[in-house]
């Protein structure tokens, strides 16, 4: 039987820990067929991002047309889109799809390197978020999009409300940068759900945001409702963080294959 189909529209991570590489590993681990639209290429390793180059608009649109026009999709995930024109292009196409769209509004890398042009933030805010089924900002991205600064878990609801006002159906605010347990808040405009996980003593967390968003998209494609998809994705990424490993001289990646093996 043909597996569920999930499309990621994102940037390539040459180090293999985040971006499209993390998306495809997550999708494989969760039993869906991953497909890609490469929006940008990064030179990236465990210590940082040395550079990135966006693809021409016509190349991104052609990839979208190829996948959507022939294979079809059961869910879509967006990640690094780099520039205003690419955000505009992707938002225009996704406005015409009828499957869940998971938007990871990537603005900065794990190492603090910018991955989104300054003039693209407004396009994410006003064009991409309104077509999102769920958006998954971290606290830096919440501030970038809304100006709301979250200092502790009590501020997660205010952050979710501010992002929700920009148009997505659901918002998942990730609280991983706060102290204590890693607590995320899901909000649909009326109700909220919280998902907490113990913080692991492991600095090798490269790719967590990409992995979580791809896992949510995969579980939505498999038919789970939003709270169940987020809960399952949170469990998957928590296990991947616990099994994260050293690679290179800096921050290593999470282990996308932890479900398949016991690490020593």
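Computed values, structure above
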read-out	value
Peptide ranges 206-216, 182-192 listed from the most packed, as the mean C-beta count within 10 angstrom indicates	206-216, 182-192
Gap separating the Cα centres of the stretch 37-96 and the stretch 215-230, nearest whole Å	22 Å
Volume per residue of the C-alpha convex hull in the stretch 189-256, rounded to whole Å³	89 Å³
Over the stretch 5-260, relative contact order from alpha-carbon pairs under 8 Å, at least 6 apart, %	19 percent
Sum of -39500 (n - 2.57) over DSSP H runs of 4+, divided by residues of the chain (222 nm, nearest 500)	-9500 deg cm²/dmol
For the chain, convex hull volume per residue from C-alpha positions, Å³	114 Å³
Most fluctuating residue given options 249, 91, 62, as computed from a GNM of the chain linking Cα atoms under 10 Å	249
Most fluctuating residue given options 202, 138, 45, as computed from a GNM of the chain linking Cα atoms under 10 Å	202
Fraction of antiparallel bridges per DSSP, the stretch 1-87 only, in percent to nearest 5	30 percent
Gyration tensor (alpha-carbon) shape descriptor, the stretch 10-75, a/c threshold 1.5	oblate
Among 171, 134, 41: highest mean-square fluctuation, GNM of the chain, C-alpha pairs under 10 Å	41
Relative contact order of the stretch 137-196, pairs being alpha-carbon contacts under 8 Å that are 6 or more residues apart, as %	29 percent
Stretch gain in nm, segment residue 65-residue 95, where the contour uses 0.36 nm per residue and the Cα spacing is subtracted	9.4 nm
Exposure proxy order (Cβ contacts within 10 Å, fewest to most) of 195, 245	245, 195
Computed over the stretch 149-245, Cα set: Rg, Dmax in Å	13.2, 39
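Readers should treat all values here as calculations from the given coordinates under stated rules, not as data from a laboratory. Here the structure is a predicted model, which means the values were calculated and not measured. Using ideal geometry, Cβ is built from the backbone for each residue, glycine included, and neighbour counts are taken over all protein chains shown.
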